[in-house]
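Here the structure comes first, spelled out in structure tokens, and everything after it is commentary.
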Amino acid sequence: MDKVQYRGTGRRKKAIARVRLVPGDGKITINNRAFEDYFPNKTSRLIVLQPMELTGMTGRFDVICLVQGGGVTGQAGAIKLGIARAIINANPDIRPQLRRAGYLTRDPRMKERKKYGLHKARKAPQYSKR
């Protein structure tokens, strides 16, 4: 029989994270690498762990995550949303608690597109009167 597992998908900016929660002792694996190796920055690690700590599920599940695209902060935010959604699949009663903390809200901010005549989205060439 297959082990029970709970899935969740998280996105932020260009990062997409597919998260699986498997009953275990709290080991976190991201792209087949250890959690501390993938996120050496402590701030990113705290962001990822927020939903687990809020709900008290830190040592109950192993987190297996595949993440692609974006940068470090975007990937951390995507994993956080994916973990929160997977926790809801595991225990729907926790949903109001996660919603109040804001962990179920997808961050809609995206990179603004470059416009013609400009160097970047808003950076214009230097203006000269003459």
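Name the single residue, out of those in the stretch 5-28 being within 16 Å of GLY77 (Cα to Cα) and not charged (D, E, K, R), that is surrounded by the most Cβ atoms within 10 Å (Cβ to Cβ).
ALA17
Would you say ILE88 is crowded, with 17+ Cβ neighbours inside 10 Å and in contact with a strand residue (DSSP E or B) (Cβ under 7 Å, 6 or more places away or on another chain)?
no
What single numbered condition from (1) at pLDDT 90 or above; (2) under 16 Å from TYR6 (Cα atoms) fails to hold for GLY69?
If we test GLY69 against (1) at pLDDT 90 or above; (2) under 16 Å from TYR6 (Cα atoms), just (2) comes out false.
Taking only the stretch 4-15 into account, find how many residues are of a type outside the set (Gly, Ala, Ser), in contact with a strand residue (DSSP E or B) (Cβ under 6 Å, 6 or more places away or on another chain) and either more than 19 Å from ARG60 (Cβ to Cβ) or modelled with pLDDT under 90 (or both).
Going through the stretch 4-15 one residue at a time, the tally reaches 2.
Each row is one residue, and each column tells you yes or no for (1) surrounded by 12 or more Cβ atoms within 10 Å (Cβ to Cβ); (2) within 23 Å of GLY26 (Cβ to Cβ); (3) touching an Asp or Glu at 6+ places or on another chain (Cβ under 8 Å).
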| residue | (1), (2), (3) |
| --- | --- |
| ILE94 | yes, yes, no |
| ARG99 | yes, no, no |
| GLY102 | no, no, no |
| ASP107 | yes, no, no |
| ARG113 | no, no, no |
| LEU118 | no, no, no |
| ARG122 | no, no, yes |
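Which is in contact with a helix residue (DSSP H, G or I) (Cβ under 6 Å, 6 or more places away or on another chain), closer than 23 Å to GLN5 by Cα and modelled with pLDDT of 90 or more, of ARG45, ARG33, ARG95, ARG18? Let's see the steps before the verdict.
On the way: ARG45 fails: in contact with a helix residue (DSSP H, G or I) (Cβ under 6 Å, 6 or more places away or on another chain); ARG33 fails: in contact with a helix residue (DSSP H, G or I) (Cβ under 6 Å, 6 or more places away or on another chain); ARG18 fails: in contact with a helix residue (DSSP H, G or I) (Cβ under 6 Å, 6 or more places away or on another chain).
Every option except ARG95 fails the conditions.
The values are calculated or read from the model by the stated rules, or taken from the named source; none is laboratory data. Source: prediction; values computed, not measured. In this analysis, Cβ positions are derived from the backbone assuming ideal geometry, glycine residues included, and neighbour counts consider all displayed protein chains.
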